[in-house]
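Report on the following structure.
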Amino acid sequence: MVFIRTGRGSRANQQREVNKTIVLNAFLRCRNISRTELARRFSLSKSTITRLINSLISEGMIVEIQPYVTKRIGRRAIMLGLNPDYRNVIAIKVGVTHSTIARVDFSMKIRSVKSFVTPKNPNEFIDKVVQYTKELFPDGLGKTHAMGIGIPGIVDNTFKNVVVAPNINWRNLPLGDMITERFRREFSVDIPVKMDNEANMAVVAEGMLGERIELSDANIVYIFIGEGVGTGLILEGKLYRGKANTAGEFGHMTVSRSGIKCKCGNLGCWERYASLGSDNAKKAGFDLEKEFAEIQDEKVLDSYIEDISIGIINIINGLNPDVIILGGPLIKNDTKEIWENIRQKLVDIVRRKSITEDAGKVKIELTSFLEYPAELIGAGIWAFWDIFEGPVLSTM
């Protein structure tokens, strides 16, 4: 997955596809934008923009919204945006305790959403997916492009199979094919299913739609703090997965060689101390089962913040990112004040303990997605990604 700013193909037809990718990415990142601004911001000629926009409008992907008033004398610019009715997708965030399924339109807006307790049995999980798909799509799946799923674990390079999701005890599970086959029977359609790690889905959402991200931020780390701890990485503008699709498992870096046993089988993993399932988090007042937080003990909270900071400092010293985003099931509207306090204390610790003063100046922010989880938004983007990515040959 590539986050396009500029690009160049070796042949004219390839260059057209690269330019199309740049423009579609621009609508994701900038939302509504005029032709003039597209040309200026992405260094494309006005004639190129005109041809691309006319083509995208004829395909139904882009719509003209309305002129906006400027202080300049002359013709008012016409704003353009993604056409929400072009297609839709099914987005699913698989949580350790609760899962969420949503209908997402082409403008990446959640149209409707359902949540349910996560069955540990995969077949029962698929039963729930089928049940709520029928409720979310009463008009059928005719315009449904694909399904995107964020998994609390590792998936393979086909993005169809769960290698391991330890906190829900799923291992070597061909979940993508299982869902496709079940949907073929239930809905008489073939829906492509694309899965990835939930933190990868979250960093995609932050990188493309997040309010805390600047266009100049090429290195982004998203830290998911839930029952476990996971990280999604955008490095040099690209989602980084690693050779075996296991990159970003910083929750399982060892912070104490004789520490608490982790569900992965090792001792002293960072997530055993920094997750919301850790002893300090529970004693401080975080309750994952009730999806509620009320701080009971400030001293324990400070100890928990120190536990979080250990991993963050290691990540900063190892990757030197532009920005770190904190997210997870208990970072939402009604707990924002609690997490803003945690964020500020983390900033202070990081500035004192990072390898250099400049490294310690990294931006640490809370997720932009406080109503619906970033993993869910990212799963929607992932389901649409074959439209947005295109045959990009080079990106810098």
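The values are calculated or read from the model by the stated rules, or taken from the named source; none is laboratory data. For clarity, every value in this text was computed on a predicted model and none was experimentally measured. Note that we place each Cβ from the backbone using ideal geometry, even for glycine, and neighbour counts take in every protein chain shown. Only protein heavy atoms, including side chains, enter the accessible area calculation; ligands, DNA and RNA are left aside. Shrake-Rupley method; radii C 1.70, N 1.55, O 1.52, S 1.80 Å.
Data overview
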read-out	value
Selection count where residues are buried (at least 19 other Cβ atoms within 10 Å of the Cβ), part of a loop (DSSP other than H, G, I, E, B) and β-branched (Val, Ile, Thr), scope region 83-110	2
Among (1) within 28 Å of Ile22 (Cβ to Cβ); (2) among the small types (Gly, Ala, Ser); (3) open to solvent by 20 Å² or more (accessible area, probe 1.4 Å) - the single one Gly248 does not satisfy	(3)
Residues being outside any strand (DSSP E or B), closer than 22 Å to Gly230 by Cβ and without any contact (Cβ under 8 Å) to a residue 24 or more places away in the chain - total across region 111-123	1
Pick from region 161-173, criterion modelled with pLDDT under 95 and not in a strand (DSSP E or B), ranking: surrounded by the most Cβ atoms within 10 Å (Cβ to Cβ)	Ile168
Qualifying residue in region 364-374 (condition: in a loop (DSSP other than H, G, I, E, B), closer than 27 Å to Phe159 by Cβ and open to solvent by 50 Å² or more (accessible area, probe 1.4 Å))	yes
Qualifying residue in region 174-195 (condition: among the small types (Gly, Ala, Ser) and open to solvent by less than 30 Å² (accessible area, probe 1.4 Å))	yes
Residue count, region 4-40 (criterion: basic (Lys, Arg), modelled with pLDDT under 85 and either more than 22 Å from Gly378 (Cβ to Cβ) or more than 28 Å from the chain's Cα centre (by Cα) (or both))	3
Scan of region 27-46 for residues that are hydrophobic (A, V, I, L, M, F, W, C), touching a helix residue (DSSP H, G or I) at 6+ places or on another chain (Cβ under 6 Å) and not in a loop (DSSP other than H, G, I, E, B), ordered by number	Leu28, Leu38, Ala39
Region 175-220: number of residues that are under 26 Å from Pro321 (Cβ atoms), without any contact (Cβ under 8 Å) to a residue 60 or more places away in the chain and either touching a Leu at 6+ places or on another chain (Cβ under 7 Å) or assigned to a helix (DSSP H, G or I) (or both)	1
Hits in region 228-245 (condition: surrounded by fewer than 21 Cβ atoms within 10 Å (Cβ to Cβ) and either part of a loop (DSSP other than H, G, I, E, B) or among the β-branched types (Val, Ile, Thr) (or both))	Glu236, Gly237, Tyr240, Arg241, Gly242, Lys243, Ala244, Asn245
Test for Ile49: is it among the β-branched types (Val, Ile, Thr), crowded, with 19+ Cβ neighbours inside 10 Å, modelled with pLDDT of 90 or more and closer than 30 Å to Leu276 by Cβ	no
Condition met for Leu239 (touching a helix residue (DSSP H, G or I) at 6+ places or on another chain (Cβ under 9 Å) and under 22 Å from Gly153 (Cβ atoms))	yes
Pick from region 214-227, criterion of a type outside the set (A, V, I, L, M, F, W, C) and open to solvent by 10 Å² or more (accessible area, probe 1.4 Å), ranking: farthest from Val362 (Cα to Cα)	Glu227
